[in-house]
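Following: one structure in structure tokens, then a few remarks.
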Amino acid sequence: MYIDIIGDIHGCYEEFKKLTKKLGYEWSQGYPVHPGKRILGFVGDLTDRGPNSLAVIKTVSELVSNKRAYYVPGNHCNKLYRYFLGNNVKLLHGLETTVNELEALPSEAREKYKKMFMELYEKSPLYHVLDNGELIIAHAGIKQDLIGKENKRVKTFVLYGDITGETNEDGTPVRRDWAQNYTGGAWIIYGHTPIKEPRKVNHTYNIDTGAVFGGKLTALRYPEMEIVNVPSSMPFVPEKFRSFE
């Protein structure tokens, strides 16, 4: 299997286009297609905070429906889905930017994007187990004893990480560094926690390098385990990046 897994895009559509072109994908069909046998993977959090979330939704939906990509939802994807369901979700932490994009459209176009995203979300698993169990894509990661299971505990973990129930000063949940204790043989590729450089710990890679916070948009080429990234055009917000030192 030859797959290029992309970290949290968060509406950074231009960076996404640049990264796929750098990876050798061509956009002649309106979405990125590799001339060889490579396909794309997405760790979730396609939307929110960045300038062009709807274009990212459209592109990833087309890729997945044409069997050109694998996608798993992130916590921001889950929140947008709950918003579309009509649940009482707060327009905070970036969701307001996606909703503003939607509200600027005619009602017919809004419905089109709603249907597109809900189909993408509902047809996607909580995490992907690929390449005969050698590769796992999960938004915030997954513990070894949860692999192969699907329940409420798994859903919470893959969307939010190994949360303690406590919160940081900025309101974000306190997360344990689960990757330090991972001893499995399968590669787990994830995002969710913004870091300045891709982080390899045991057989895990965090590839969320904070594109929407002015870092980079990163891809991991599998099975080569090669990192490819492009710089962000967004303002740099250093306090949004986590340090594990």
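Look through 209, 183, 204 and report the one residue that is among the β-branched types (Val, Ile, Thr) and closer than 25 Å to residue 95 by Cβ. Show your work before the answer.
Values: 183 fails: closer than 25 Å to residue 95 by Cβ; 204 fails: closer than 25 Å to residue 95 by Cβ.
Answer to the check: 209.
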Restricting to region 127-142, name every residue that is buried (at least 19 other Cβ atoms within 10 Å of the Cβ) and assigned to a loop (DSSP other than H, G, I, E, B).
127, 138, 139, 140, 141, 142
Taking region 20-54 and keeping only residues that are in contact with a Lys or Arg (Cβ under 9 Å, 6 or more places away or on another chain) and outside any loop (DSSP other than H, G, I, E, B), one is left with 33, 39, 40
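A quick yes/no check of all residues on (1) at pLDDT 95 or above; (2) under 19 Å from residue 5 (Cα atoms):
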{"position": "88", "(1), (2)": "no, no"}
{"position": "94", "(1), (2)": "no, no"}
{"position": "105", "(1), (2)": "yes, no"}
{"position": "113", "(1), (2)": "yes, no"}
{"position": "117", "(1), (2)": "yes, no"}
{"position": "121", "(1), (2)": "yes, yes"}
{"position": "125", "(1), (2)": "yes, yes"}
{"position": "130", "(1), (2)": "yes, yes"}
{"position": "139", "(1), (2)": "yes, yes"}
Check region 22-35 and report whether any residue there is within 15 Å of the chain's Cα centre (by Cα), basic (Lys, Arg) and closer than 27 Å to residue 237 by Cα.
no
Hey, residue 61 of a type in the set (Ser, Thr, Tyr) and either buried (at least 18 other Cβ atoms within 10 Å of the Cβ) or closer than 25 Å to residue 224 by Cα (or both) or not
yes
Positions within region 1-56 being open to solvent by less than 30 Å² (accessible area, probe 1.4 Å), out of contact with any Pro (no Cβ under 7 Å at 6 or more places or on another chain), of a type in the set (Ser, Thr, Tyr) and over 22 Å from residue 80 (Cα atoms), in sequence order
31
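For the subset of region 143-169 comprising residues that are touching a residue at least 24 places away in the same chain (Cβ under 8 Å) and part of a loop (DSSP other than H, G, I, E, B), which member is most open to solvent (accessible area, probe 1.4 Å)? Break it down stepwise before answering.
Quick first cut of region 143-169, residues touching a residue at least 24 places away in the same chain (Cβ under 8 Å) only: 143-144, 147, 150, 154-155, 158-161.
Of the ones still in play, those that are also part of a loop (DSSP other than H, G, I, E, B) are 143, 147, 150, 161.
Values: 143: 69, 147: 55, 150: 131, 161: 6 Å².
So the residue we want is 150.
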Suppose we filter region 227-245 for residues that are within 20 Å of the chain's Cα centre (by Cα), assigned to a loop (DSSP other than H, G, I, E, B) and of a type in the set (A, V, I, L, M, F, W, C); how many remain?
4
Residues of region 68-90 being open to solvent by 80 Å² or more (accessible area, probe 1.4 Å) and either under 19 Å from residue 10 (Cβ atoms) or among the small types (Gly, Ala, Ser) (or both), in sequence order, are 90
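The values are calculated or read from the model by the stated rules, or taken from the named source; none is laboratory data. Since we're looking at a predicted model, the values are computed, not measured. With ideal geometry, Cβ positions are generated from the backbone for all residues, glycine too; neighbour counts draw on all protein chains shown. For accessibility, only protein heavy atoms count, side chains too; no ligands or nucleic acids. Shrake-Rupley method; radii C 1.70, N 1.55, O 1.52, S 1.80 Å.
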